[in-house]
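Worksheet: one structure, shown below.
Just so it is clear, none of the values below were taken in a lab; they were calculated from the coordinates. Keep in mind that this is a model prediction, so the values were computed, not measured. So basically every Cβ, Gly included, is an ideal-geometry build from the backbone, and we count neighbours across all protein chains shown.
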Amino acid sequence: MKSKASIKRILHTLDALYPFDGVCFLNYENEKPWQLLFATILSAQCTDARVNMVTPDLFAKFPTLESYTTANIADIEKVIHSTGFYRSKAKSLQETAQKLLSEHSGNLPSDITELTALPGVGRKTANVVRSHIFNQPSIVVDTHVKRITKKLGLTESTDPVKIEFELMELLPKKHWIPYNQQIISHGRAVCTAQSPKCDKCKLKPECREGLSR
């Protein structure tokens with residue numbers, strides 16, 4: 001496991017490369033926080049860019065939680081088809097809307113247990129909501145975080161939940177929210193999955209794979 005000094009160097013480098021601005025990669029209206037929950041459900045096995053292409057039409061056709069509960073599910077499926085797994089996602093959106101209305105008066109809960117009790121909502125989705133809507137320190141483990149965290153020697157696990165709890169132990173709480181955004185930015189710009197630019201990577205001295213290239 002990485003030393004405290006090494007972890008401090010990693011975080012310092014990330015802060016220098018990607019100053020945290022709190023901007024969410026998924027688009028939603030601030031006055032409708034449930035939209036972020038729905039967008040994050042759609043982002044499973046799908047890029048944020050694709051989700052952001054789909055949600056303007058989705059949120060225009062179904063502007064309220066009530067509109068999802070009364071919709072023909074085939075109409076929801078048609079709009080979100082390009083995000084993949086559209087049948088299960090449409091079912092999750094409709095059932096989540098129903099549950100938010102019946103159990104939470106149409107409001108998003110902040111408690112992770114209540115969030116993960118919603119259809120289609122795992123810890124990753126719940127932590128996106130907790131960090132961006134409620135500003136509660138949370139670690140989001142998506143594909144970028146899972147892949148790059150292991151490269152940096154901060155975990156030996158491939159289980160997102162285990163990685164989340166390991167990072168909670170390793171990282172100062174003030175870095176929990178920024179870490180996800182910074183690692184995603186690094187994964188998109190430099191440490192891509194298919195062709196990582198190791199020669200340009202400022203984290204190379206801390207990276208297992210970079211040092212071997």
Can you count the Lys pairs in the stretch 34-132 with C-alpha separation below 16 Å, eight or more apart or on different chains?
6
Calculate log10 I(q)/I(0) of the stretch 1-61 for q = 0.24, 0.29 Å⁻¹, where I(q) comes from the Debye formula with a single equal point scatterer on each Cα and nothing for solvent.
-0.91, -1.15
19 Å reach of a label modelled at Lys4, 7 Å along Cα-to-Cβ, counting backbone N of the stretch 155-199
155, 166-176
Can you work out ³J(HN,Hα) from phi for every residue in the stretch 93-102, in order, using Karplus 6.51 cos²θ - 1.76 cosθ + 1.60 and θ = phi - 60°, giving whole Hz and x for Gly and Pro?
4, 5, 5, 5, 4, 4, 6, 4, 6, 7
Once phi for every residue in the stretch 141-148 is put through the Karplus expression 6.51 cos²θ - 1.76 cosθ + 1.60 (θ = phi - 60°), the whole-Hz ³J(HN,Hα) values, with Gly and Pro written as x, are 9, 9, 5, 5, 5, 4, 6, 6
In the chain, with Lys and Arg counted as +1 and Asp and Glu as -1 at Cβ, which of these residues, Gly22, Ile139, Ser157, has the Cα nearest the positive end of the dipole, that is, farthest along it?
Ser157
Students often forget the sequence filter, so: which lysines lie under 26 Å Cα-Cα from Lys202 once same-chain residues fewer than 8 apart are removed?
Lys2, Lys4, Lys8, Lys146, Lys150, Lys151, Lys173, Lys174
Answer with a single label: of (1) 128; (2) 116; (3) 165, which was calculated as volume of the Cα convex hull per residue in Å³ from the structure in view?
(2)
With at most 13 neighbouring Cβ atoms within 10 Å, loop GluC sites (Glu not before Pro) (DSSP) excluded, longest segment of the chain:
32-155
Cα centroid separation - the stretch 148-207 against the stretch 1-71, whole Å
17 Å
Taking a crude spin-label model, label points 7 Å out from Cα along the C-beta direction, the His81 to Glu156 distance in nm is 4.8 nm
Work out, step by step, the length gained on full extension between Ser110 and Ala16: first 0.36 nm times the residue separation, then minus their alpha carbon distance; give nm to one decimal.
30.8 nm
What percentages make up the Cα-Cα pair-distance distribution of the stretch 52-154 when the bins are 10 Å wide from 0?
14, 38, 36, 10, 2
In whole Hz, what ³J(HN,Hα) sequence does the stretch 174-184 give by Karplus (6.51, -1.76, 1.60; θ = phi - 60°), x for Gly and Pro?
5, 9, 4, 6, x, 3, 4, 4, 5, 5, 4
